[in-house]
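Please read the structure below before turning to the comments.
The values are calculated or read from the model by the stated rules, or taken from the named source; none is laboratory data. Because the structure is a prediction, the values reported are computed rather than measured. In this analysis, Cβ positions are derived from the backbone assuming ideal geometry, glycine residues included, and neighbour counts consider all displayed protein chains. Each accessible area value is taken on the protein alone, full model and side chains, heavy atoms only, with ligands, DNA and RNA left out. Shrake-Rupley method; radii C 1.70, N 1.55, O 1.52, S 1.80 Å.
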Amino acid sequence: MKKLLLHLDTDAIPSTFDQVVAYDAGVDNIIAYGGITRDNVTPHVQGLIFTRTSKNLKNNAIFIGGSNVTASESVGQAVKNAFFGQTRVSVMLDPNGSNTTAAALVRKVLTNYDITNRKVVIIGSGPVGQRAALFLVKEGASEVIITSRDITRSKNIVRQMKQSYGIEVIAAESRSDESVAALLIDAHVAIACGPASVCVMPKQTWINNDNLQVIADVNALPPLGVADLEVMDDGIEKNGIRFYGAIAIGNFKMKIHRKAIQSLYDSHDQFLDETTIYAIAKQIDNT
Amino acid sequence: MKKLLLHLDTDAIPSTFDQVVAYDAGVDNIIAYGGITRDNVTPHVQGLIFTRTSKNLKNNAIFIGGSNVTASESVGQAVKNAFFGQTRVSVMLDPNGSNTTAAALVRKVLTNYDITNRKVVIIGSGPVGQRAALFLVKEGASEVIITSRDITRSKNIVRQMKQSYGIEVIAAESRSDESVAALLIDAHVAIACGPASVCVMPKQTWINNDNLQVIADVNALPPLGVADLEVMDDGIEKNGIRFYGAIAIGNFKMKIHRKAIQSLYDSHDQFLDETTIYAIAKQIDNT
Amino acid sequence: MKKLLLHLDTDAIPSTFDQVVAYDAGVDNIIAYGGITRDNVTPHVQGLIFTRTSKNLKNNAIFIGGSNVTASESVGQAVKNAFFGQTRVSVMLDPNGSNTTAAALVRKVLTNYDITNRKVVIIGSGPVGQRAALFLVKEGASEVIITSRDITRSKNIVRQMKQSYGIEVIAAESRSDESVAALLIDAHVAIACGPASVCVMPKQTWINNDNLQVIADVNALPPLGVADLEVMDDGIEKNGIRFYGAIAIGNFKMKIHRKAIQSLYDSHDQFLDETTIYAIAKQIDNT
């Protein structure tokens, strides 16, 4: 029986990237739709759950993507609501690749590295930054700071994370290179999650910092997020600091993404979100 | 050579359900389009018929679906017009699942049951009700009544059925529970084809009726169309009446749907509509 | 590893024809999008090139189609711009089938026929006519005339072809049957590339012409482009002239199209346009 994936995308045109990864994870055929909202998703979910008998339902699964994370999470909720008890299929939620990317980022940072009692500063508070903060707190970091150029935004995000996950993250502002350098002074780990093609950590922000042990960056498009970092860096030491670049992280992200898609077909009732995707990532060798 | 299915849907987003069934029937790849009309369908049909040589044309087929039955039938006509003589492919027309559902419904009702000289009342006059009426007349029912909440509508439908199929169906009105009960008094078979989540046969309409032998309902969403009926009922007797629920019918519908799709690839020149789909359904064991 | 094809179409609904041919060429799965422009194509190209490692990139490829040749060529340019150095995939550009059709047409005309020092008249100056002119000049025809009903248009096209390919083609006007007959007087090869269902070479234009050796027509829909020609004609002689009809050309076009698609997966860095597709066509036996 074919492994089918219903790819639901909140963008107008469904993601090519996510579909290629799904095929590489062993999916036989994808039924892909763009322009999906919480209001039009129900018939597609019910079309999927009512076609195969309960014994075979695990061969049907749903992937929810899209560049708008909030819209995709809202589709995820509507998908759950469209199920009838155990007449359901497994779902993976990875809008904009945020869950798999953040999991890859954190797993790379933790390669042979004990985060316990370490202070982390995350420059950028988008979905990847938020999820990275979540995973690092759960892994035992003593302090995780998340920044944006506007302190009101970072405070809002910290409040939401407290509400959603019951965790303590600290809000900060990263309006200037000086403010970033000041935040990093006693940090052990610095993570760049800023917009593409913006260097949020120029050399003066980290070069004379003796506390810093790890720097990671998810920006793949030049100029990169961190001066002197290269996209292929995979734990290489420069000035006594380990560097992880976007392609090293991206390659590991792909492994997590594929393994998560494969897991969908193990049973018919999983819901893979940030937490469960991170658990899957922990099963993969990160060295 | 791959078995390809061109799935043409008059809805904006093509049906997931129909695509899953097609894969389960052995189709290798589906080319699916939503928003299909009689005015934009021609190039797709000609794209399909002109790619493979006549010997191989039977590996290309067309499925036409969509929730608007009239629009889908009009696409079906346009598809026929787009063929060039024997340069054609097989087509299955099953808008909103109406042909396969009605065929399953009637085949279930006829399980070890002789309809000859029996009176049937169908509450609801949508596409499934109309097709069920057609099949039951053809199978020898002495009287088939089809109802709607508005007698003008049922009369129109009866007139159209006379025109299209040359059969006699009787129009009635089902505006109240009392009118339904009155219609059922000397009926042997009662079929609920009303809208989803509306009970069109509450208990008082059938409980003290000694003539009734079979009750069937295609509504899967609670409240169901018939009081005391359950979706899994597959011929179980209650108060001396055999009950058929939407899931028992739906599971059989799926078998018919799959077999019809498989039949498409037997030759390149079939047109599976209500009549031919019912003939396919008769080849499947309905017990 | 699956052979994936990203089918990018500038038409609203992606071509069915091109997808069937791709499947017949051995593609495992197609990711097809309509409504593609140079402005929305980049994320899809990057989604494709960043999913598989360089060793495996050759299993991803792109096809660009659409009835608007200029729009599709502009998408082709945008696709090239979206690549990152050697992080790229092979691309086939065949808007409206123009490259494969023109290649098939010219290869058929050249079946056991030496074009050196021969004069060719092409009635119609659309994409197929233009590409046929290009190939025939390259193959050594001494004079290639391309016509339209408006001399200004043919002159513009001749100027563009000079600019794009550095070749000399002669512009002419084909406003009436008399003007066509006059153009053909000392021609050896006459090619009909006019609109569908328009006879651009009625009998009086060629019947008493002793110079003509080959007539070809790409119009498959009656009335055909050339009187007395039939779509299945594959080099048959009538009045001492070899005839090639649209289906004979079309069948060969399909072979070229399939072989071009197959070639895409030989390496990850090809760009198949009119020139390279013609080179592929030359490898196929045209008898």
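So what does C:LEU221 come to for accessible area, using a 1.4 Å probe and Å² rounded to 10?
Result for C:LEU221: roughly 60 Å² accessible.
State log₁₀ I(q)/I(0) for the stretch B:1-83 at q = 0.14, 0.26 Å⁻¹ as given by the Debye formula over alpha-carbon point scatterers of equal weight, solvent excluded.
Treating every Cα as an identical point scatterer, log10 I(q)/I(0) equals -0.44, -1.30.
Ignoring ligands and nucleic acids, what accessible area does B:LYS203 show with a 1.4 Å probe (Å², nearest 10)?
90 Å²
Return the calculated 222 nm mean residue ellipticity for the protein assembly as shown, to the nearest 500 deg cm²/dmol, obtained by summing -39500 (n - 2.57) across DSSP H runs with n ≥ 4 and dividing by the residue count.
Counting only the DSSP helices, I get -11500 deg cm²/dmol.
Could you work out the local net charge near A:HIS7, counting Lys and Arg as +1, Asp and Glu as -1, over the other residues with Cβ closer than 12 Å to its Cβ?
Neighbourhood net charge equals -4.
Relative contact order, percent, of the stretch B:4-93 when contacts are C-alpha pairs under 8 Å separated by at least 6 residues?
38 percent
Would you calculate the convex hull of the Cα atoms in chain B and tell me its volume per residue in Å³?
Looking at chain B, the number lands at 121 Å³ per residue.
Pull up the cross-link candidates among the lysines for B:LYS80, meaning alpha carbon to alpha carbon under 24 Å and not fewer than 8 places away within one chain.
B:LYS2, B:LYS3, B:LYS55, B:LYS58, B:LYS162, B:LYS259
Rounded to the nearest 10 Å², what accessible area does A:LEU183 have for a 1.4 Å probe in the complete protein model?
Rounded to the nearest 10, the figure is 30 Å².
Counting only protein heavy atoms, probe 1.4 Å: which residues of the stretch A:20-46 lose 30 Å² or more of accessible surface in the full assembly compared with their chain by itself?
The answer is A:VAL20, A:TYR23, A:ASP24, A:ASN29, A:ILE31, A:TYR33, A:HIS44 - residues whose exposure falls by at least 30 Å² when every protein chain is included.
Quick query: amide H of A:ILE145 versus all other amide H atoms, modeled in the peptide plane; which residues come in under 5 Å with a sequence gap of 5 or more or a different chain?
For A:ILE145, whose amide H was placed from the backbone, the distant partners under 5 Å are A:VAL120, A:VAL121, A:ILE122, A:ILE170.
Among DSSP bridges having both ends in the stretch A:198-245, what percentage is antiparallel? Round to the nearest 5.
Here the share of antiparallel DSSP bridges comes out near 50 percent.
Closest beta-carbon to the C-to-A rotation axis: which chain C residue owns it, and what is the separation in whole Å?
C:ASN29, 4
Rounded to the nearest 5, what % of DSSP beta bridges with both residues in the stretch B:4-93 are antiparallel?
If I count the DSSP bridges inside the stretch B:4-93, around 5 percent turn out antiparallel.
Using modelled backbone amide H atoms (1.01 Å from N, in-plane), which distant-in-sequence or interchain residues come within less than 5 Å of A:PHE271's amide H?
A:VAL91
Given a 1.4 Å probe and every protein chain left where it sits, what share in percent of the accessible area of the stretch C:101-249 is carbon and sulfur?
48 percent
Give the nm distances, rounded to one decimal, from A:LYS203 to the matching residue in every other copy, measuring between label points 7 Å along Cα toward the beta carbon; shortest first.
Reported distances to equivalent positions: 8.6, 8.6 nm.
Among the DSSP beta bridges whose two residues both lie in chain C, what percent are antiparallel, rounded to the nearest 5?
Percent antiparallel among DSSP bridges in chain C is about 10.
B:ARG149 to A:THR87: FRET efficiency via 1/(1 + (r/R0)^6), r the Cβ-Cβ distance, R0 25 Å, to the nearest 0.05?
Rounded to the nearest 0.05, the efficiency is 0.20.
Computed from the mean reciprocal separation of all distinct C-alpha pairs, what Kirkwood hydrodynamic radius does the stretch C:124-207 have, in Å?
13.0 Å
How big is the C-alpha Rg of the stretch B:101-249 next to the rule-of-thumb value 2.2 N^0.38 Å, as a ratio?
0.92
Sort shortest first the distances from B:ARG149 to its counterpart in every other copy, using label points 7 Å along the Cα-to-beta-carbon line, and give them in nm.
5.6, 5.6
Shielding by partners for A:50-59, please: the mean number of other protein chain Cβ atoms within 10 Å of each residue's Cβ.
Going residue by residue through A:50-59 and averaging, the value is 3.
Within a Cβ distance under 12 Å of B:PRO202, other residues only, what is the Lys/Arg minus Asp/Glu net charge?
-2
Over the protein assembly as shown, give the accessible area per residue in Å² for a 1.4 Å probe, as an integer.
Value returned for the protein assembly as shown: 39 Å² of accessible area per residue.
Got a sec? What order do C:HIS7, A:HIS188 fall in by accessible area at 1.4 Å, biggest, i.e. largest, first?
Result, largest first: A:HIS188, C:HIS7.
Rounded to whole Å, give me the distance from the Cα center of the stretch C:20-98 to that of the stretch A:1-71.
When both Cα centres are located, 23 Å separates them.
Could you calculate the FRET efficiency of B:ASP177 with B:GLN283 from 1/(1 + (r/R0)^6), where r is the beta carbon distance between them and R0 is 56 Å, rounded to 0.05?
Step by step, r from the Cβ atoms, then E = 0.90.
Could you compute the net charge surrounding B:THR111? Neighbours are other residues with a C-beta less than 15 Å from the C-beta of B:THR111; K and R count +1, D and E count -1.
Here the charged neighbours net out to +1.
Total Å² of accessible surface buried at the A-B contact, 1.4 Å probe, nearest 100?
Summing both chains' loss of accessible area gives about 1300 Å².
Rg and Dmax of the protein assembly as shown, Cα atoms, in Å?
Looking at the protein assembly as shown, its Cα Rg and Dmax stand at 32.6, 97 Å.
How many nm separate the modelled label positions at B:MET232 and B:ASN208, each set 7 Å beyond the Cα in the direction of the Cβ?
3.3 nm
Relative contact order for the stretch B:101-249 using alpha-carbon pairs under 8 Å, separation at least 6, rounded to a whole percent?
With pairs under 8 Å counted, the relative contact order is 21 percent.
Please turn the phi angles of the stretch C:130-144 into ³J(HN,Hα) values with the Karplus equation 6.51 cos²θ - 1.76 cosθ + 1.60 (θ = phi - 60°), one per residue in order, whole Hz, x for glycine and proline.
Taking θ as phi minus 60°, the curve returns 4, 5, 4, 4, 4, 5, 5, 4, 4, 7, x, 4, 7, 8, 10 Hz for the stretch C:130-144.
Got the relative contact order for chain A handy, in percent, Cα pairs under 8 Å and 6 or more residues apart?
19 percent.
Along Cα-to-Cβ, 7 Å out, sits the label point; list in nm, shortest first, how far the one on A:THR116 is from those in the other copies.
8.5, 8.5
From the phi angles alone, apply the Karplus equation (6.51, -1.76, 1.60; θ = phi - 60°) to the stretch C:197-208 and give each ³J(HN,Hα) in whole Hz, x where the residue is Gly or Pro.
Each residue of the stretch C:197-208 in turn: 6, 10, 7, 8, 10, x, 3, 5, 6, 9, 5, 9 Hz.
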